[in-house]
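This report concerns only the one structure given below.
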Amino acid sequence: MARIDFSKIPQFAQLPVKPDAPPDSNWGVFGDDDEIGCINFLTEEGVVEAARLVQKGKVFRLDTPINYASPPLFDREPVRHVKKSFESLGLLGYDDVLDSYNTQEGSQWDGLGHVGNLTARAFYNGTSNDEIKRGNKLGIHNWAARFVGRGVLIDAFRYRQESGRPVNPLRDERYSLADLKAALDAQQTTLKPGSILLVRTGWMGAYMAATADEKRAMAPLNKLKSCGIESSREVVAWLWDNRVAAIGTDCPAVEPWPWDFRDSGALHYRTLSLLGLPLGEQFVLDPLAADCADDKRYEFMLVSVPLHLVGGIASPPNAVAIK
Ligand code: UVW
């Protein structure tokens, strides 16, 4: 990992740093060839600091089981799991074969090749469509051994409930930036440079409590409704100025669903394409949140090992939070 001098990173108000870069983009801040965006905020020192947060040996898996959503959301295909037998070789044994595996069928990090900026017609750091389509630029493999650091949970769902303004996670309701800040204050937690931020919206718990018929009804892209974080310039300014390395949530799109693909103000564009900030979706956060509420510690070591898929667009997080 290269060293990063946090004091030299510009504030959001100073962006962009290149005259030809889109407004509100950090293109060029980590170098013209950079492919990992805000993951640059995860440093060796940060890993050592994060390891100090491990105090009681509790491990929380943050991924859903494969095929947890039945059917998968957004019309994505279910995974067909075949156990390939070696019987024909006279051997008692099997391999796994995952057929039609969409890396975004469940918990996932959206990589930087997932969506590009519609106005600039480019992906993070000016990467062309062709470099994504035919090459390996911005591939998820770049994160494969980098995604370790201090995790911070904001239990926004609990905060809104306790402050008498509960959110219905299965509606397209918004958590505002003020909600996130107030929840952090209520938890007496602070962001530090290089935090991997997890926000509990309550969606995963509500989805898991739904009946099979309700799940079937809400799965299609044009039927799903979900809560999420407000899509605003202020939100991304806050994330950038706090040097957040990635933001993961337990809802399907981080921002409320549906979001308008033509709206350049959507959080997907503001984060993935303009700032190189990874988005995490459909994470399992309820057991971690219960433990944080119990011991009042909302920070932990987070270890995520994305698929080593060269040129990959996204990946299950393969993540654990360790307290
Ligand atoms: C959408 O917003 C469609 O979801 P995802 O980020 O999983 O592609």
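The packing ranking, built from the mean of other Cβ atoms within 10 Å per residue, places the peptides 86-94, 195-203 in the order 195-203, 86-94, highest first. The calculated pair-distance distribution of segment 1-159 uses every alpha carbon pair, bins of 10 angstrom beginning at 0, and gives 8, 23, 30, 25, 10, 3, 1 percent. Distant-in-sequence amide contacts of Leu277, defined by a placed amide H-H separation under 5 Å and a gap of 5 or more residues or a different chain, comprise Cys38, Leu272. Extension gain for Arg3 to His308 (0.36 nm times residue separation, less C-alpha to C-alpha distance): 107.5 nm.
Sequentially through segment 206-223, phi angles give Karplus couplings (6.51, -1.76, 1.60; θ = phi - 60°) of 5, 5, 5, 7, 6, 6, 4, 5, 5, 5, 4, 5, 8, 5, x, 3, 8, 10 Hz, Gly and Pro residues having no value and appearing as x.
Under 5 Å from the amide H of Ser226 lie the amide H atoms of Asp172, Trp257, each residue being 5 or more positions distant or on a separate chain, with H modelled from the backbone and absent for Pro and chain starts. Only helices enter the 222 nm calculation for the chain: every DSSP H run of n ≥ 4 contributes -39,500 (n - 2.57), and dividing by all residues gives -5500 deg cm²/dmol, rounded to 500.
Carbon-plus-sulfur accessible fraction, the chain (probe radius 1.4 Å, protein heavy atoms only): 51%. Taking a ≥ b ≥ c as the square roots of the eigenvalues of the alpha carbon gyration tensor, segment 18-99 is prolate, as a/c is not under 1.5 and a/b beats b/c. Working note: Karplus 6.51/-1.76/1.60 with θ = phi - 60° gives segment 73-80 the couplings 6, 6, 6, 6, 6, x, 8, 9 Hz, where Gly and Pro are set to x. Estimated at 0.36 nm per residue, the fully extended path between Ser232 and Gln11 surpasses their Cα-Cα distance by 77.9 nm. Distance from a point 7 Å along Cα→Cβ of Asp295 to each backbone N in segment 26-49: keep the residues under 17 Å and list them by number. Answer for this model: 49.
Let's test the formula: R0 of 45 Å, r as the Cβ-Cβ distance of Arg165 and Val79. What FRET efficiency results, to the nearest 0.05? Once the sixth-power term is evaluated, E becomes 0.75. Over the Cα atoms of segment 196-323, each weighted equally, I'd like the Debye log10 I(q)/I(0) at q = 0.12, 0.23 Å⁻¹, rounded to two decimals. Computed log10 I(q)/I(0) values: -0.51, -1.48. In order along segment 65-72, phi translates into HN-Hα couplings of x, 4, 6, 5, 8, 10, x, x Hz, rounded to whole numbers, per the Karplus curve 6.51 cos²θ - 1.76 cosθ + 1.60 with θ = phi - 60° and x for Gly and Pro. By DSSP, the beta bridges lying fully in segment 23-322 are antiparallel in about 65 percent of cases.
Judged by the mean number of other Cβ atoms found within 10 Å, the most tightly packed of the peptides 208-218, 171-181 leads the ranking 171-181, 208-218.
Computed over the Cα atoms of the chain, pair by distinct pair, the Kirkwood hydrodynamic radius stands at 20.2 angstrom. Are there chymotrypsin sites (Phe, Trp or Tyr not before Pro) in segment 219-323 that DSSP marks as loop and that have at most 16 other Cβ atoms within 10 Å, and which are they? Answer in residue order: Phe261. Using the Cβ-Cβ distance between Lys133 and Arg52 with R0 set to 30 Å, the FRET efficiency works out to roughly 0.10. Looking at the chain as a GNM with Cα springs under 10 Å, which of Pro252, Pro278, Pro166 has the largest mean-square fluctuation? Answer for the Gaussian network model of the chain: Pro166. Per residue, the solvent-accessible area of the chain (1.4 Å probe, heavy atoms of protein chains only, all protein chains present) comes to 45 Å². For q = 0.11, 0.13 Å⁻¹, what log10 I(q)/I(0) does segment 114-271 give under the Debye formula with an equal point scatterer on each alpha carbon and no solvent? Log10 of I(q)/I(0), two decimals: -0.51, -0.71.
The values are calculated or read from the model by the stated rules, or taken from the named source; none is laboratory data. Everything quoted here is computed from the prediction, not taken from an experiment. With ideal geometry, Cβ positions are generated from the backbone for all residues, glycine too; neighbour counts draw on all protein chains shown. Calculation scope for accessible area: heavy atoms of the full protein, side chains included, ligands and nucleic acids excluded. Shrake-Rupley method; radii C 1.70, N 1.55, O 1.52, S 1.80 Å.
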